[in-house]
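A short write-up of the structure that comes next.
The values are calculated or read from the model by the stated rules, or taken from the named source; none is laboratory data. These numbers were taken from a predicted model, which means no experiment stands behind them. Please note: Cβ atoms are built from the backbone with ideal geometry, for glycine as well, and neighbour counts cover all protein chains shown.
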Amino acid sequence: MEKHTDTDSPTSWLQSLRVYAEPASLRMLSLGFSAGLPLLLVFGTLSFWLREAGIDRTTIGFMSWIGLAYAFKWAWSPMVDRLPIPVLTRLLGRRRSWLLLAQALIMAGLLGMALTDPQQSLMPVVWCAIGVAVGSATQDIALDAFRIESADSDHQAALAATYQTGYRIAMIWAGAGALWIAARSEVPDTAGYQHGPWQTAYLVMALSMLPGVATVLFSKEPAALPLAPSKNLRAWLHGAVVSPFADFVLRYRTQAVLILALIATYRISDVVMGIMANPFYVDMGYSKDEVAAVTKVYGVLMTLLGAFAGGAMALRWGVMRVLMLGAVLSAASNLLFAWLAGQGHDVHALIFVVSADNLASGIASSAFIAYLSSLTNVQYSATQYAMFSSLMLLFPKFLAGFSGQYVDAHSYAEFFTATAFLGVPVLALIWLAERLRVR
């Protein structure tokens, strides 16, 4: 792939868009689908199923802790980054062997969930869901490394865009698709909970991992730097755990704190606002059909449009400029929600606001993923990217826990306005990071 620098002549829009037809981009479309599929199946879709089966809300709430696997995936990312899997690594290579193992764990977990009725025995469902979450988090680690090592830094935004496309399509399939399959599989004129429809839905979801498995098997292992052999456990731990983090600090030195602060806060406006989005829709009187159509399907399509636009703009203008644009748009779109709070039940206004918000989110996500990718050393790509992707949600998720209290004490309009202002310090951090990068 051709290198691009800020001093080169601008790439034409047609050339920028052709990058999406390259084999590396198409592979990421399929692998992005495999990455996005498990998430809702252990969160939103699962909670719907459990509640229909009569499981109490307190238990469902505790089961959301299964998601901690994603927050702490950095803990085993060094193992995924450097540890070979017997036989598989020799046959497939380091990245593809871990991808295949993770996909096998996800499929096994989904099959186990399908074959277990939570109304009769909940714990098997819990353990299978944990297996799916761990497998999914492991797949994310290996896939991030696979993507970063498959192309140069100028093409990372395009790979991120196709990855997000597959990811979002999978979320539609695992959310609306799973509910649609379960609804169509119900026995007519039968009152009460039925396990059979959910069994069918989760079996179909397990089989939906097969395109990703095929992509891994038929893809080429990316060329990675060879790992120096370790003579003992201490040396291995130093190379696998200490070195990736030390490498980042040594490369960026005084800029490291600024970069980490930017990573930790870039998505803060979106994450904090997003926690109260669904309660807001309910309180504003929007029906399930309206919310599903506008936010879960139409909104996702707008996110994809934003992701493609962000990838093309980053290739043409550079990542840092689009990173700033994404931050501005993400904060500004929250002000639209404050405006929506005063409109009452207005579906057309909802479509407009959700469209703008998801378009902004897609642009910001493409640029941010490309930025994170550019920070990694290819020798430690899995470990370093897992560290960055975990850090970017840790503080926003903690702060978002207080969002309900803020709305109760004030109002939705004030809350959305406050989340928009949370994005102002991010703009200053991007400006400083760009100035130091140029120097």
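So here's what we get for this one:
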item	result
Wholly within segment 168-228, helices (runs of 4 or more DSSP H) carrying at least 1 residues that are of a type outside the set (A, V, I, L, M, F, W, C), closer than 18 Å to Leu110 by Cα and touching a helix residue (DSSP H, G or I) at 6+ places or on another chain (Cβ under 9 Å)	195-207, 210-218
Flag if Ala145 is crowded, with 24+ Cβ neighbours inside 10 Å and touching a Ser or Thr at 6+ places or on another chain (Cβ under 8 Å)	yes
Single residue of segment 100-113 satisfying the filter (surrounded by fewer than 24 Cβ atoms within 10 Å (Cβ to Cβ) and touching a Ser or Thr at 6+ places or on another chain (Cβ under 8 Å)) that is farthest from Pro197 (Cα to Cα)	Leu101
Some residue of segment 186-197 being among the aromatic types (Phe, Trp, Tyr), crowded, with 21+ Cβ neighbours inside 10 Å and not assigned by TED's automatic domain parsing to the domain that holds Val300	no
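Listed here are the residues, each with its yes/no results for (1) small (Gly, Ala, Ser); (2) within 26 Å of Pro197 (Cβ to Cβ); (3) not in a helix (DSSP H, G or I).
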site	(1), (2), (3)
Ala24	yes, no, no
Tyr70	no, no, no
Met79	no, no, no
Ile85	no, no, yes
Trp98	no, no, no
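Residue by residue, here is whether (1) in the same structural domain as Leu29 (by TED's automatic domain parsing); (2) crowded, with 24+ Cβ neighbours inside 10 Å; (3) touching a residue at least 12 places away in the same chain (Cβ under 8 Å) holds:
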| residue | (1), (2), (3) |
| --- | --- |
| Ala137 | yes, yes, yes |
| Ser150 | yes, no, yes |
| Thr162 | yes, yes, yes |
| Ile172 | yes, no, yes |
| Trp180 | yes, no, no |
